[in-house]
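Visitor: I'd like to ask some things about the structure below.
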Amino acid sequence: MTASVYAARKKIDTLLISLDLGGQPLYTSGIENYMGYQYIEGIELMKKFQEQVKQFPIEQKIGYRVISLSLLDRGFEIRTDKGDLYRSKAIIIATGKRPRPLNVPGEERLRARGVTYCAICDGPLFSGQRVAIIGGGNSALEATEDMVKIAERIYLISITPLTGDRILIDKVKDAHNLTIFLEHEVVEIEGESQVEAIKIRDLKTREEKRLSVEGVLIEIGLIPNSEPFKDILPLNPYGEIVVNSANETAIPGLFAAGDVTNVPEKQIVIAAGEGAKAALQAHRYLQRLVT
């Protein structure tokens, strides 16, 4: 959305195609680190983004999924899941990432109601409460390091032995308010309007336990939405589109921004800034085409 606004302000004929408007923030319970707002719900912040997009002559195709991108002699052609074709002289890919889900009962229903996929964003919302952190890698351990300082009780649940860096393990393993369940899986997330508990199972004994919690922080990784572009663009080992500091990909006229790229630190403010930068670079590219 930021890239679209910046492109439209440069008088570029702009088409915005997206499955939804908001992406990951739509599943964020609350945001306390986006400048200008001490606290705002993720859905509300995205509504404000949408309102700003409406102030500009930006054609929108919402509810459409881009399934392929082809190179033409002078530009690009994209195809959507509805069979539509669109051609352009420049494209900005800002498809973001999606959380890697647990795929357990209760997860989808309780998203943004205690289930979150961003401990950095939402961890402070569970201050003084009981939380479960799911995962055994660095992101889960970093979330645990933060939460042991503010939460009443933390349960760290991993289907494997901890795989994160030793220094992170050492920082958290002796915390007085932390209980670690290794080789356990989450069976179900329980609750009516909010998370109330999780059910876990020992992978060896098959014994099940119910843990009362107010929050479930799922830190098992993110999946870049880069599949439609993997055959024409270089991706890094994590499936992210490789860009330089000017948001340029390996193909002239094809730019990428935000979480779908290899830019470090996946945060709303960073993604928005990268979208603005990509649009400005696309404008410079288009200017060179006509001069």
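The values are calculated or read from the model by the stated rules, or taken from the named source; none is laboratory data. Because the structure is predicted, anything quoted here is derived from the model rather than measured. Because the Cβ atoms are built from the backbone with ideal geometry, glycine has one as well, and the counts that use them run over all protein chains shown.
Visitor: Taking the stretch 133-184 on its own, how many of its residues are charged (D, E, K, R) and in contact (Cβ under 8 Å) with a residue 24 or more places away in the chain? Walk me through it before giving the result.
Guide: Step one: filter the stretch 133-184 for residues charged (D, E, K, R), giving 142, 145-146, 149, 152-153, 165-166, 170-171, 173-174, 183.
Pick out the ones that are also in contact (Cβ under 8 Å) with a residue 24 or more places away in the chain and you get 142, 145-146, 152-153, 165, 171, 183.
Summing the residues that are charged (D, E, K, R) and in contact (Cβ under 8 Å) with a residue 24 or more places away in the chain in the stretch 133-184 gives 8.
Visitor: Just checking, does the stretch 185-205 include any residue being of a type in the set (Ser, Thr, Tyr) and free of Cβ contacts under 8 Å to residues at least 24 places away in the same chain?
Guide: Applying the first criterion (of a type in the set (Ser, Thr, Tyr)) to the stretch 185-205 yields 193, 205.
The next check asks that each one be free of Cβ contacts under 8 Å to residues at least 24 places away in the same chain; those that pass are 205.
Yes, there is a match, as at least one residue in the stretch 185-205 is of a type in the set (Ser, Thr, Tyr) and free of Cβ contacts under 8 Å to residues at least 24 places away in the same chain.
Visitor: Right, another one. Glu265 - would you say it is under 24 Å from Glu142 (Cβ atoms) and either out of contact with any Phe, Trp or Tyr (no Cβ under 8 Å at 6 or more places or on another chain) or surrounded by 16 or more Cβ atoms within 10 Å (Cβ to Cβ) (or both)?
Guide: Yes.
Visitor: If you scan the stretch 79-89, which residues turn out to be assigned to a loop (DSSP other than H, G, I, E, B) and in contact with a strand residue (DSSP E or B) (Cβ under 7 Å, 6 or more places away or on another chain)? Steps first, please.
Guide: Taking the stretch 79-89 and keeping what is assigned to a loop (DSSP other than H, G, I, E, B), we get 81-84, 89.
Of everything in the stretch 79-89, those that are assigned to a loop (DSSP other than H, G, I, E, B) and in contact with a strand residue (DSSP E or B) (Cβ under 7 Å, 6 or more places away or on another chain) turn out to be Asp81, Lys89.
Visitor: Then there is this: Residues that are of a type in the set (S, T, N, Q) and more than 30 Å from Val260 (Cβ to Cβ): does the stretch 209-228 have at least one?
Guide: Yes: one or more hits.
Visitor: Being acidic (Asp, Glu) and at pLDDT below 95 is the filter; apply it to the stretch 139-167 and report the residue that is surrounded by the most Cβ atoms within 10 Å (Cβ to Cβ). Explain how you work it out, then say what you get.
Guide: Here is the first cut: in the stretch 139-167, the ones acidic (Asp, Glu) are 142, 145-146, 152, 165.
Now drop any that are not at pLDDT below 95, which leaves 142, 145-146, 165.
Working: Glu142: 20, Glu145: 15, Asp146: 18, Asp165: 13.
Among those that are acidic (Asp, Glu) and at pLDDT below 95, it is Glu142.
Visitor: Pick out the one residue from Val195, Val186 that is outside the structural domain of Lys11 (by TED's automatic domain parsing), crowded, with 18+ Cβ neighbours inside 10 Å, in contact with a Gly (Cβ under 6 Å, 6 or more places away or on another chain) and not small (Gly, Ala, Ser). Walk me through how you get there before you give the answer.
Guide: Numbers: Val186 fails: in contact with a Gly (Cβ under 6 Å, 6 or more places away or on another chain).
Exactly one residue qualifies, and that residue is Val195.
Visitor: Any residue at all in the stretch 76-92 that's touching a Ser or Thr at 6+ places or on another chain (Cβ under 6 Å), at pLDDT 95 or above and either at positive phi or hydroxyl-bearing (Ser, Thr, Tyr) (or both)?
Guide: No: zero hits.
Visitor: Residues that are in contact (Cβ under 8 Å) with a residue 60 or more places away in the chain and outside the structural domain of Pro124 (by TED's automatic domain parsing), at least 1 per element: which strands (runs of 3 or more DSSP E) completely within the stretch 1-78 meet that? Step through it out loud before you land on a result.
Guide: Values: elements: 15-18, 59-62, 66-72.
Strands (runs of 3 or more DSSP E) meeting the threshold: 15-18, 66-72.
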